[in-house]
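Here's the structure we're looking at; comments come further down.
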Amino acid sequence: MADLNHPLDDPSADPFAIAAEAASDIRRLTGVDRHDIAVTLGSGWGKAAELIGETVATIPATEVTGFSKPALEGHVGTLRSIVTPSGKNVLVIGARTHYYEGHGVRRVVHSVRTAAATGASTMVLTNGAGGVRETWTPGQPVLISDHINLTADSPLEGATFIDLTDLYSARLRDLARTIDPSLDEGVYTQFRGPHYETPAEVQMAKRIGGDIVGMSTALEAIAAREAGMEILGFSLITNLAAGIQTTPLSHAEVIEAGQAAEPVISSLLARVIGAL
Ligand code: 8IG
């Protein structure tokens, strides 16, 4: 689905130059010269923005070069610049482009590359996802310890070989556990979506070492690492994955579980960001 009006859909365009342009749009629109930390808010995590600190500016993502219109309600479509009590500038990305939208991986990782171009050295990626482990319960946040990328795609172009050992920083996971020692962690498995998995696919994910199933994050984490950022990942388990939970999955249910957990996980996320 190439769109001739979209700068990232021109194969001869340099995605890093477009990210640099987006970063200068953000500087101009927020008046903030440099961001230290970026956080992408996935489903269930939206309320964290208010708790991170004082909002300096909120801008519609569509005013920033290369950002796509939100595909889904509940995916906010704004970028916010927030200053924490300790004086760090946080770029809050409420505008995620999912791989299943079919616009290609350049658009999926554009927000991450833009965050890096604004100066951010830490990328916090959050999502709502399905849990493979029977002991987890809907509404529970977990740390992402590693990932399995089942999209068969990569944000890296050409012979770009990037090491992904410790992709989800052990240091940052330890730091998150100083805020909430009860946080469990697991391996995030990115499927293409937008359909949920079959029970057989969930069993496959489990056997290959997956604990969490979702439709985002892994491709973004790879791009963040390419950009030299340190990465922290959180999943909100909104449902047990198909076949682990015996009732059918519904999007409404997923949204509802997210809303119920929102106050607790938002405060957790804000406290972790405050400690970064
Ligand atoms: I929320 O069970 C949410 N997102 N792939 N599977 C996948 N993505 C999800 C799920 C799930 N729940």
Förster-model FRET efficiency, 22 Å R0, T246 and I208, C-beta, rounded to 0.05 = 0.45
request  = Report, to the nearest whole %, how much of the accessible area of the range 7-275 belongs to carbon and sulfur atoms, 1.4 Å probe, protein only.
outcome  = 54
key: Protection proxy ranking of 145-155, 220-230, 181-191 - average other beta-carbon atoms within 10 Å, highest first   = 220-230, 181-191, 145-155
note = Karplus-derived 3J(HN,Hα) from phi for the range 9-17 (6.51 cos²θ - 1.76 cosθ + 1.60, θ = phi - 60°), whole Hz, x at Gly and Pro, runs 8, 8, x, 8, 6, 9, x, 6, 5
request  = On a C-alpha basis, how far is the centre of the range 21-57 from the centre of the range 89-168 in Å? Whole number, if you could?
outcome  = 17
Residues of the range 7-275: accessible area per residue with a 1.4 Å probe, Å² = 41
ask   = What does the helix-only formula give at 222 nm for the chain: each DSSP H stretch with n ≥ 4 adding -39500 (n - 2.57), the total divided by the residues, and the result rounded to the nearest 500 deg cm²/dmol?
value = -10000 deg cm²/dmol
ask   = Amide H to amide H, which residues 5 or more places from S145 or on other chains are under 5 Å from it, using H placed in the peptide plane?
value = G186, V187, Y188
request  = At 7 Å along the Cα-to-beta-carbon direction for both L51 and T165, put a label point, then send me their distance in nm to one decimal.
outcome  = 3.6
ask   = Which of the aspartates and glutamates could a cross-linker span from K69 if the Cα-Cα distance has to be under 12 Å and same-chain partners fewer than 8 positions apart are dropped?
value = E101
key: About the Cα centre, charge dipole magnitude for the chain (Lys/Arg +1, Asp/Glu -1 at Cβ), debye   = 340
message = Mean-square fluctuation check for the chain, GNM, Cα pairs under 10 Å: which of R34, R207, R106 is largest?
response = R207
task = Take every DSSP beta bridge whose two residues both sit in the range 24-98, then give the antiparallel share in percent to the nearest 5.
result = 75
inquiry  = Tell me the relative contact order for the chain as a rounded percent, counting alpha carbon contacts under 8 Å between residues six or more apart.
reply    = 25
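The values are calculated or read from the model by the stated rules, or taken from the named source; none is laboratory data. What you see is a predicted model; the values in this text were computed from it and never measured. Quick reminder, even Gly has a Cβ in these numbers, built from the backbone with ideal geometry, and neighbours come from all protein chains shown. Areas reflect the complete protein model, heavy atoms only, side chains present, ligands, DNA and RNA absent. Shrake-Rupley method; radii C 1.70, N 1.55, O 1.52, S 1.80 Å.
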